[in-house]
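First up is the structure itself, then whatever we jot down about it.
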Amino acid sequence: VEWPVRTWKVKEQIKLTIEAYKKVGLDWVQFGQYGTQYPPKDFKPTIFPDGSWLDEWGRTFTIDPVTKQEFPLFRPKIKSIEEWEEKITPPDPNAEGRIENIEYFIKLATYEDMSPVGFVRHPWVIAHEIFGSTYTFTKIREAPQKFRRVVDRICDFNVEMIKIQCDLGVDFIIDCGDIVEANGPMMPPKYNKEFVYPQLKR
């Protein structure tokens with residue numbers, strides 16, 4: 001099974017995204033959604049028979065058959081923090097090839113006279129996507145320090161990716177990810193104070 005993100009043409013998606021933003025009258029355009037658009041050159045994901053794969057963080061992704069967009073499956077292949085720490089090496093923000101698509105995006109957006117906007121996915125959200133809801137909400141109660149260790153390592157990466165994108169010329173950064181839903185916050189406020197706000201502050 002081939003890795004869809006590599007066969008699916010990221011540069012073509014960038015062109016279509018910029019075209020779509022222009023058609024709705026926006027003068028800015030955002031790069032990326034989940035972060036898999038800037039993998040390093042030699043990254044080889046773990047691919048499963050159903051066509052899903054693990055990204056650099058250990059999140060399970062698939063491709064929507066209709067839109068051809070990637071999205072995370074909340075059926076995690078990584079079952080515990082201990083397994084994650086054993087099997088997943090946190091990505092290197094400066095790995096060769098990581099900025100190739102970002103540079104292309106900035107160049108094209110600037111050519112189209114649009115403001116290029118960078119992107120990171122919030123650390124708590126990535127952690128939630130790695131482990132799934134049941135494990136995540138159990139561990140933030142039972143082993144908050146262990147879970148915080150994961151979130152902080154993701155935040156380290158994001159801080160460096162923000163620096164890189166700003167140096168390349170984005171005008172601002174969107175930090176994306178769900179911390180609320182239709183019925184209110186996904187976690188009690190005390191957990192947001194530990195797993196969401198400190199990372200935003202960094």
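The values are calculated or read from the model by the stated rules, or taken from the named source; none is laboratory data. Nothing here was measured: the structure is a model prediction, and the numbers come from that model. We place every Cβ from the backbone using ideal geometry, glycine too, and count neighbours over all the protein chains shown. Accessible surface is based on the protein model in full, side chains and every heavy atom, while ligands, DNA and RNA are left aside. Shrake-Rupley method; radii C 1.70, N 1.55, O 1.52, S 1.80 Å.
May I ask you to say which residue of ASP175, ASP167, ASP152 is within 27 Å of LYS22 (Cβ to Cβ) and part of a helix (DSSP H, G or I)? Talk me through it step by step, then tell me what you get.
Working: ASP175 fails: part of a helix (DSSP H, G or I); ASP152 fails: within 27 Å of LYS22 (Cβ to Cβ).
Criteria check complete, one pass: ASP167.
Residue by residue, here is whether (1) among the β-branched types (Val, Ile, Thr); (2) at pLDDT 95 or above; (3) touching a Leu at 6+ places or on another chain (Cβ under 6 Å) holds:
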| site | (1), (2), (3) |
| --- | --- |
| GLY132 | no, no, no |
| VAL151 | yes, yes, no |
| ASP156 | no, yes, no |
| VAL180 | yes, no, no |
| TYR191 | no, no, no |
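One residue stands out in the stretch 36-52 among those that are within 16 Å of ILE130 (Cα to Cα) and of a type in the set (Ser, Thr, Tyr): the one that is surrounded by the fewest Cβ atoms within 10 Å (Cβ to Cβ), namely THR46. Of the residues examined, ILE179 is not one that is over 26 Å from PRO144 (Cα atoms), β-branched (Val, Ile, Thr) and open to solvent by 40 Å² or more (accessible area, probe 1.4 Å). Of the listed requirements (1) under 14 Å from GLU56 (Cα atoms); (2) assigned to a helix (DSSP H, G or I); (3) β-branched (Val, Ile, Thr); (4) more than 13 Å from the chain's Cα centre (by Cα), ILE130 misses just one: (4). Evaluated against (1) more than 18 Å from MET161 (Cβ to Cβ); (2) crowded, with 17+ Cβ neighbours inside 10 Å, ASP55 falls short on exactly one condition, (1). Take the conditions at pLDDT below 90, within 28 Å of SER115 (Cβ to Cβ) and polar (S, T, N, Q) and apply them to GLN37. Does it pass? Spelling it out, GLN37 is indeed at pLDDT below 90, within 28 Å of SER115 (Cβ to Cβ) and polar (S, T, N, Q).
For the structure I just gave you, tell me whether GLY169 is in contact with a helix residue (DSSP H, G or I) (Cβ under 6 Å, 6 or more places away or on another chain) and on the phi > 0 side of the Ramachandran plot. So GLY169 passes the test. Residue count for the stretch 73-114 under the criterion of being in contact with a strand residue (DSSP E or B) (Cβ under 7 Å, 6 or more places away or on another chain) and open to solvent by less than 30 Å² (accessible area, probe 1.4 Å): the result is 6. For PHE131, the requirement of being free of Cβ contacts under 8 Å to residues at least 60 places away in the same chain and either touching a strand residue (DSSP E or B) at 6+ places or on another chain (Cβ under 9 Å) or open to solvent by less than 50 Å² (accessible area, probe 1.4 Å) (or both) is met.
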